[in-house]
Amino acid sequence: MVNLGKLRGTVAGASSVNADRRLDNVFYGVSNLFDGGQHVVNNINYTYWLSDTATRHWVKLRFGDPVEIHSILVEFNAAESAPGDETRPSRRPEGFAIDVRRLIGGSELGQKLPSVNVEGFRVIYPLKEPLTDVVELLVVFPGPSMIAVAELEVLGIGSSRNSQQGEGPRLPDR
């Protein structure tokens, strides 16, 4: 299995990046979700995606060819305060949901999966069985608040045409 977010044919998008920054922002951009925690700029580890303060946040992966998803891991900053800790505002959401688009009989059909609560800094989304023929994955976070997500690992099997790992996902064309 491979991290499907790093396939050459994968395109990643997001609802926002902190303070109206571009998706490719070196400090808080969406590519930081796929860096394995190793993104250092000026001796500071900027290894997470940071949203704006909108009422809803999302990260989208569009796959070049249908994929089979076996597990989804969402990781937050371990040093970040947890929801309910009033010492400083949390950038960790209380939960998230997964929506997928699957290619069934030549048509794309949407499927909403149940929401899960965030407990701790690492959440493995509970898939009962692999999701097949997925062409798009949307991870939806509630707001209104700024959130920080350190890593998104979507493990599975790509098609024979898109199974080559790249240097992370491409960003949407402008």
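Per-structure values
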read-out: Qualifying residue in segment 147-161 (condition: surrounded by fewer than 19 Cβ atoms within 10 Å (Cβ to Cβ) and free of Cβ contacts under 8 Å to residues at least 12 places away in the same chain); value: yes
read-out: Search result, residues across segment 1-19 that are at pLDDT 85 or above and outside any loop (DSSP other than H, G, I, E, B); value: V2, N3, L4, G5, K6, L7, V11, A12, G13, A14, N18
read-out: Qualifying positions in segment 108-138 - surrounded by 15 or more Cβ atoms within 10 Å (Cβ to Cβ), hydrophobic (A, V, I, L, M, F, W, C) and under 16 Å from A150 (Cα atoms); value: V118, F121, V123
read-out: Positions within segment 89-102 being in contact with a Leu (Cβ under 8 Å, 6 or more places away or on another chain), part of a strand (DSSP E or B) and buried (at least 16 other Cβ atoms within 10 Å of the Cβ), in sequence order; value: A97, I98, V100, R101, R102
read-out: Check on F76, among the aromatic types (F, W, Y) and modelled with pLDDT of 90 or more; value: no
read-out: Residue count, segment 36-61 (criterion: touching a His at 6+ places or on another chain (Cβ under 8 Å) and in a strand (DSSP E or B)); value: 1
read-out: Residue, farthest from I98 (Cα to Cα), within segment 121-151, restricted to residues that are in contact with a helix residue (DSSP H, G or I) (Cβ under 9 Å, 6 or more places away or on another chain) and at pLDDT 95 or above; value: V134
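The values are calculated or read from the model by the stated rules, or taken from the named source; none is laboratory data. Not measured: the values here are computed from a predicted model. Because the Cβ atoms are built from the backbone with ideal geometry, glycine has one as well, and the counts that use them run over all protein chains shown.
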